[in-house]
Amino acid sequence: MSTPLADDATDQRLHPWSWLFVLLAQLRQFLLPLVALVVFGGRGDSDSEEMWSNLAALVVIVVLVAVSILQYLTFHYQIGRDAISVRSGVISRNRREIPFARIHNVVVHQNPLHRLFGVAELRLESAGGNRPEAEMRVLRLDQALALEQLVRQRGQQTAAGGATDAHATPANAAVSTGAAIPTDEVLLQLGTADVVRIGLLSNRGWVVVLAAIGAAYQLFPRGAVDDAIEHGGRQAFGYASNLHPATWVWVLAALVMVAGFWVLLRVLSVMMALLRYHDFRLTEHERRLTVASGLLTRMRTSVARRRIQAWTLRETAVQRWFRRRHLRIDIAAGVSTDGERRDLRELAPLATPDACDALVQHLLPQLQWPPAQWRAVPQRGWWRLCLWGLVVVPLLAVGAVWEVGPWGALVLAWLPWSAFHAYRTMARMGYHLDARYVAVRGGWWQRWWRFAELDKLQALRLGRSPLDRWLGTASVWLDTAGASGSIALCLRYLPEAEARAVFERLNGALAVRGLR
């Protein structure tokens, strides 16, 4: 059912240059077909075939320009008392009512071209959708920020049960006149040194290396990359062999190459961290969190605190040595199907443990974090965590011995490490449960903590595998809206009686609580 709008709500248009950004987005989608049409279509035997291929490409571009201009002319939006109304479409006309209370995430996106023109792209998202409820491409930057502020205020007022008139708030005046937006309370800010530290303590450089390898295999003919690597390797090895170096020279050269590759990965990681987290700022205003970051492309995302469903803290071994952690949240909002980072997920890309705990305590003052005591998981059955290694590694060792001889048996050296890792991981497993929230922890080499308020739980499941039935254990799986990531909210490998008692306790708590 549509939310009624204010009677005096007036139509508003996008920025006059909006059609240009729509055109660029469409050209990006049709870039490869157009290039293929011009390149391969121009290889005909006659000049007429080349002319017709160029003419076809020109017609496609003219059509895209016309469609972009029509989309700009037919896109209108109205700011009502309780909702935003969006009308769009060239042939098929669409009208979409977006209540302020249903908007879970607001994204203000600026790439370098946006910043050059002083504009921004605004996206309004709700829970459960794979696409934004509305994409306003593009608005003036001050209009986009003012509309973001309006969504904050209206969503908060509607949640509190007291919406006000649409044209009686400062935020709405800011949308119309471009007035300044109130400053927010800064909860976390990262300087350049902090961002460089993120790059040094992460492995983001591998993303660039793997992407470059994949692009090389896509752009060059099949087998050309393999032949180039093989030919270059043979030339380098032949040149080095003619020098007749000593063994220590070979070892030193190998170490230099490894060190050089490691330095290259660190440099690429720092570059990626600067592009993504430059001028990272986490702010709060009227119980709504906003994160702004980015060097070339600026991304500003915001979410109401009540939309946060679950929390995750993680730290790698290297980060632990430098006393740093990563704080991530799950929110009830859709995830993009094209892999684009749209929603607010990271509250602290890298911060000290004390800063992360203080941030959690500030946003969840009703909880005691970290817990005073964790309930450990019994060590019985620790070997189940390395069961795959006990089966796969001997098979790999047999194949290695068959191929390279006795040296292949070195693969079996993985078994002691796998067993030690499994034992330490099981020893660190634990959970905490009280009247307000449930938390689990795990990992040893890479540690993590995950927790959620009981009011945010949506479903419970008691699971037992055949191995659980043999060992007399069970696991309690918990589900929240918007759950994502590789870490599940699950109390694993508890004794069966304890798992059933926890399940009944949580089930009773959910039965008397309202879902928030």
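Does any residue of region 282-301 turn out to be among the hydrophobic types (A, V, I, L, M, F, W, C), touching a His at 6+ places or on another chain (Cβ under 7 Å) and open to solvent by 30 Å² or more (accessible area, probe 1.4 Å)?
Pass one, region 282-301, residues among the hydrophobic types (A, V, I, L, M, F, W, C): 282, 289, 291-292, 295-296, 299.
If we keep only those that are touching a His at 6+ places or on another chain (Cβ under 7 Å) too, we end up with 295, 299.
Filter once more, keeping what is open to solvent by 30 Å² or more (accessible area, probe 1.4 Å): 295.
Yes, the conditions are met somewhere in region 282-301.
Of the residues 273, 253, which is modelled with pLDDT under 90 and either surrounded by 11 or more Cβ atoms within 10 Å (Cβ to Cβ) or aliphatic (A, V, I, L, M) (or both)?
On the way: 273 fails: modelled with pLDDT under 90.
Within the list 273, 253, the selection yields 253.
State all residues of region 71-129 that are of a type in the set (S, T, N, Q) and either closer than 25 Å to residue 289 by Cβ or touching a residue at least 24 places away in the same chain (Cβ under 8 Å) (or both); if no residue qualifies, say none.
Taking region 71-129 as the starting set, the residues that turn out to be of a type in the set (S, T, N, Q) are 71, 74, 78, 85, 88, 92, 94, 105, 110-111, 126.
71, 78, 85, 105, 110, 111, 126 - these are the residues of region 71-129 that are of a type in the set (S, T, N, Q) and either closer than 25 Å to residue 289 by Cβ or touching a residue at least 24 places away in the same chain (Cβ under 8 Å) (or both).
Please determine, by comparing only the residues of region 301-319 that are of a type in the set (D, E, K, R) and within 23 Å of residue 202 (Cα to Cα), which one is nearest to the chain's Cα centre (by Cα). Step through it out loud before you land on a result.
Of region 301-319, the ones of a type in the set (D, E, K, R) are 305-307, 314-315.
So of that shortlist, the ones also within 23 Å of residue 202 (Cα to Cα) come out as 314-315.
Values: 314: 15, 315: 17 Å.
Of everything passing the filter in region 301-319, 314 is nearest to the chain's Cα centre (by Cα).
Within region 425-443, is even one residue aromatic (Phe, Trp, Tyr) and over 24 Å from the mean Cα position of the chain (by Cα)? Spell out the reasoning first.
Our first condition is that a residue be aromatic (Phe, Trp, Tyr); within region 425-443, this holds for 431, 437.
When the remaining residues are screened for being over 24 Å from the mean Cα position of the chain (by Cα), the result is 431, 437.
Among the residues of region 425-443, at least one is aromatic (Phe, Trp, Tyr) and over 24 Å from the mean Cα position of the chain (by Cα), which makes the answer yes.
Among the β-branched types (Val, Ile, Thr) and touching a residue at least 24 places away in the same chain (Cβ under 8 Å): is that true of residue 393 in this structure?
Details: among the β-branched types (Val, Ile, Thr): yes; touching a residue at least 24 places away in the same chain (Cβ under 8 Å): yes.
Here the answer is yes, as residue 393 does meet what is asked.
I'd like to know if region 115-131 contains one or more residues that are in a loop (DSSP other than H, G, I, E, B), open to solvent by 10 Å² or more (accessible area, probe 1.4 Å), touching a helix residue (DSSP H, G or I) at 6+ places or on another chain (Cβ under 7 Å) and among the polar types (S, T, N, Q). Break it down into steps so the answer makes sense when it comes.
As a first pass, look at region 115-131 and keep what is in a loop (DSSP other than H, G, I, E, B): 118, 126-131.
Among the residues that remain, those that are also open to solvent by 10 Å² or more (accessible area, probe 1.4 Å) are: 118, 126-131.
Going one step further and asking which of them are touching a helix residue (DSSP H, G or I) at 6+ places or on another chain (Cβ under 7 Å), we end up with 118, 126.
Filter once more, keeping what is among the polar types (S, T, N, Q): 126.
Yes; the residues of region 115-131 include at least one that is in a loop (DSSP other than H, G, I, E, B), open to solvent by 10 Å² or more (accessible area, probe 1.4 Å), touching a helix residue (DSSP H, G or I) at 6+ places or on another chain (Cβ under 7 Å) and among the polar types (S, T, N, Q).
Count, please, the residues in region 352-384 that happen to be under 21 Å from residue 309 (Cβ atoms), open to solvent by less than 50 Å² (accessible area, probe 1.4 Å) and touching a Lys or Arg at 6+ places or on another chain (Cβ under 7 Å).
Residues that pass the stated criteria total 3.
Residues in region 453-479 that are under 30 Å from residue 387 (Cα atoms) and part of a strand (DSSP E or B): how many? Before you say what the answer is, go through the steps one by one.
Of the residues in region 453-479, the ones under 30 Å from residue 387 (Cα atoms) are 459-479.
Now narrow it down to the ones that are part of a strand (DSSP E or B): 459-463, 473-479.
Going through region 453-479 one residue at a time, the tally reaches 12.
Out of the residues in region 170-208 that are among the hydroxyl-bearing types (Ser, Thr, Tyr) and under 24 Å from residue 358 (Cβ atoms), which is modelled with the highest pLDDT?
Restricting attention to region 170-208, the residues satisfying the condition of being among the hydroxyl-bearing types (Ser, Thr, Tyr) are 176-177, 183, 192, 202.
Still in the running and under 24 Å from residue 358 (Cβ atoms): 183, 192, 202.
On the way: 183: 61, 192: 93, 202: 87.
Selected residue: 192.
Across region 307-342, what is the total count of residues that are modelled with pLDDT under 85 and touching a helix residue (DSSP H, G or I) at 6+ places or on another chain (Cβ under 8 Å)?
3
May I ask you to list the residues in region 400-429 that are of a type outside the set (Val, Ile, Thr) and open to solvent by less than 40 Å² (accessible area, probe 1.4 Å)?
From region 400-429, those of a type outside the set (Val, Ile, Thr) are 400, 402-403, 405-410, 412-424, 426-429; that's our starting set.
Correct list: 400, 405, 408, 418, 419, 422, 426, 428, 429.
Step by step: first the residues of region 134-164, then only those that are in contact with a helix residue (DSSP H, G or I) (Cβ under 8 Å, 6 or more places away or on another chain), of a type outside the set (A, V, I, L, M) and at pLDDT 80 or above, then the one that is nearest to residue 302 (Cα to Cα). Which residue is that?
The extreme case among them is 149.
In the set 106, 65, 90, which member is open to solvent by 10 Å² or more (accessible area, probe 1.4 Å), in contact with a helix residue (DSSP H, G or I) (Cβ under 7 Å, 6 or more places away or on another chain), modelled with pLDDT under 85 and outside any helix (DSSP H, G or I)?
Numbers: 106 fails: open to solvent by 10 Å² or more (accessible area, probe 1.4 Å); 65 fails: outside any helix (DSSP H, G or I).
The match here is 90.
Kindly establish whether residue 48 is open to solvent by less than 80 Å² (accessible area, probe 1.4 Å) and either modelled with pLDDT of 85 or more or more than 24 Å from residue 98 (Cβ to Cβ) (or both).
It is true that residue 48 is open to solvent by less than 80 Å² (accessible area, probe 1.4 Å) and either modelled with pLDDT of 85 or more or more than 24 Å from residue 98 (Cβ to Cβ) (or both).
Before we move on, is residue 112 at pLDDT 85 or above and open to solvent by 40 Å² or more (accessible area, probe 1.4 Å)? Walk me through how you get there before you give the answer.
Values: at pLDDT 85 or above: yes; open to solvent by 40 Å² or more (accessible area, probe 1.4 Å): yes.
Here the answer is yes, as residue 112 does meet what is asked.
Checking the structure you have, find out if any residue of region 473-493 is modelled with pLDDT of 90 or more, within 25 Å of the chain's Cα centre (by Cα) and farther than 22 Å from residue 367 by Cβ.
No, every residue in region 473-493 fails to be modelled with pLDDT of 90 or more, within 25 Å of the chain's Cα centre (by Cα) and farther than 22 Å from residue 367 by Cβ.
The values are calculated or read from the model by the stated rules, or taken from the named source; none is laboratory data. Every value quoted in this text rests on a predicted model; they were computed, and no experiment measured them. Every residue, glycine as well, gets a Cβ built from its backbone with ideal geometry; the counts of neighbours run over all protein chains shown. The area values use the complete protein model at the heavy-atom level, side chains included, leaving out ligands, DNA and RNA. Shrake-Rupley method; radii C 1.70, N 1.55, O 1.52, S 1.80 Å.
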